[in-house]
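Asker: Mind having a look at this structure? Questions to follow.
The values are calculated or read from the model by the stated rules, or taken from the named source; none is laboratory data. It should be emphasised that the depicted structure is a prediction, and the values quoted were computed from it without experimental measurement. Cβ placement follows ideal geometry from the backbone for every residue including glycine, while neighbour counts extend to all protein chains displayed. Heads up: the accessible areas ignore ligands, DNA and RNA and are worked out on the full protein's heavy atoms, side chains in. Shrake-Rupley method; radii C 1.70, N 1.55, O 1.52, S 1.80 Å.
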Amino acid sequence: KNYSVKKAFKEVSNNKEVISLQNLTNYLEINGFCPETTDLEAILRRCDHDADRSLCFDEFNELFYLEH
(Lines give C-alpha, C1' and ligand atoms only; values in the text may rest on other atoms or scores of the structure.)
Protein backbone atom coordinates (compact mmCIF):
# COMPACT_ATOMS: atom_id res chain seq x y z
CA LYS A 1 0.00 0.00 0.00
CA ASN A 2 1.44 3.36 -1.04
CA TYR A 3 0.66 5.69 1.86
CA SER A 4 2.66 8.90 1.92
CA VAL A 5 3.37 10.97 5.01
CA LYS A 6 1.72 13.96 3.33
CA LYS A 7 -1.45 11.95 2.68
CA ALA A 8 -1.45 10.75 6.30
CA PHE A 9 -1.03 14.33 7.54
CA LYS A 10 -3.94 15.55 5.42
CA GLU A 11 -6.13 12.72 6.64
CA VAL A 12 -5.35 13.23 10.33
CA SER A 13 -5.55 17.04 10.12
CA ASN A 14 -8.80 16.91 8.15
CA ASN A 15 -7.09 18.93 5.39
CA LYS A 16 -6.06 21.71 7.80
CA GLU A 17 -2.63 23.36 8.12
CA VAL A 18 -1.95 21.70 11.49
CA ILE A 19 -3.06 18.69 13.53
CA SER A 20 -4.80 19.73 16.73
CA LEU A 21 -5.51 17.53 19.73
CA GLN A 22 -9.12 17.34 18.54
CA ASN A 23 -8.05 16.28 15.02
CA LEU A 24 -5.87 13.55 16.47
CA THR A 25 -8.60 12.35 18.83
CA ASN A 26 -11.24 12.31 16.07
CA TYR A 27 -8.99 10.44 13.65
CA LEU A 28 -8.12 7.75 16.18
CA GLU A 29 -11.72 7.31 17.33
CA ILE A 30 -12.98 7.01 13.73
CA ASN A 31 -10.40 4.26 13.24
CA GLY A 32 -11.48 2.26 16.28
CA PHE A 33 -9.13 3.51 18.98
CA CYS A 34 -10.12 4.99 22.33
CA PRO A 35 -7.19 7.27 23.11
CA GLU A 36 -6.58 8.78 26.52
CA THR A 37 -6.36 12.55 26.29
CA THR A 38 -3.30 12.54 28.54
CA ASP A 39 -1.49 10.18 26.16
CA LEU A 40 -2.28 12.34 23.15
CA GLU A 41 -1.22 15.48 25.03
CA ALA A 42 2.09 13.77 25.82
CA ILE A 43 2.62 13.01 22.13
CA LEU A 44 1.88 16.62 21.23
CA ARG A 45 4.27 17.92 23.92
CA ARG A 46 7.01 15.62 22.68
CA CYS A 47 6.69 16.67 19.06
CA ASP A 48 5.37 20.23 19.23
CA HIS A 49 8.66 22.11 18.96
CA ASP A 50 7.10 25.56 18.57
CA ALA A 51 4.72 25.01 21.53
CA ASP A 52 1.57 26.00 19.63
CA ARG A 53 -0.33 22.91 20.90
CA SER A 54 -0.59 21.45 17.41
CA LEU A 55 1.58 19.60 14.90
CA CYS A 56 2.62 21.22 11.65
CA PHE A 57 3.67 18.98 8.77
CA ASP A 58 7.37 19.10 9.69
CA GLU A 59 6.66 18.08 13.29
CA PHE A 60 4.33 15.30 12.13
CA ASN A 61 6.88 14.12 9.59
CA GLU A 62 9.52 13.89 12.33
CA LEU A 63 7.16 11.85 14.52
CA PHE A 64 6.29 9.55 11.64
CA TYR A 65 9.95 8.74 10.96
CA LEU A 66 10.76 8.29 14.65
CA GLU A 67 8.13 5.55 14.78
CA HIS A 68 9.21 3.74 11.56
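Asker: I'm told Val5 meets every condition in (1) in contact with a helix residue (DSSP H, G or I) (Cβ under 6 Å, 6 or more places away or on another chain); (2) at positive phi except one. Can you identify the failing condition by its number?
Answerer: (2)
Asker: Right, something else. Taking segment 8-32, which residues are modelled with pLDDT under 95 and open to solvent by 90 Å² or more (accessible area, probe 1.4 Å)?
Answerer: Residues satisfying the conditions do not exist here.
Asker: Ok, one more. When segment 33-61 is examined, which residues are found to be within 13 Å of the chain's Cα centre (by Cα), open to solvent by 90 Å² or more (accessible area, probe 1.4 Å) and farther than 15 Å from Gln22 by Cα?
Answerer: Arg46, Asp58
Asker: Still on this structure: Right, Ser4: hydroxyl-bearing (Ser, Thr, Tyr) and surrounded by 14 or more Cβ atoms within 10 Å (Cβ to Cβ) or not?
Answerer: Details: hydroxyl-bearing (Ser, Thr, Tyr): yes; surrounded by 14 or more Cβ atoms within 10 Å (Cβ to Cβ): no.
Taking the combined requirement at face value, the residue does not satisfy it.
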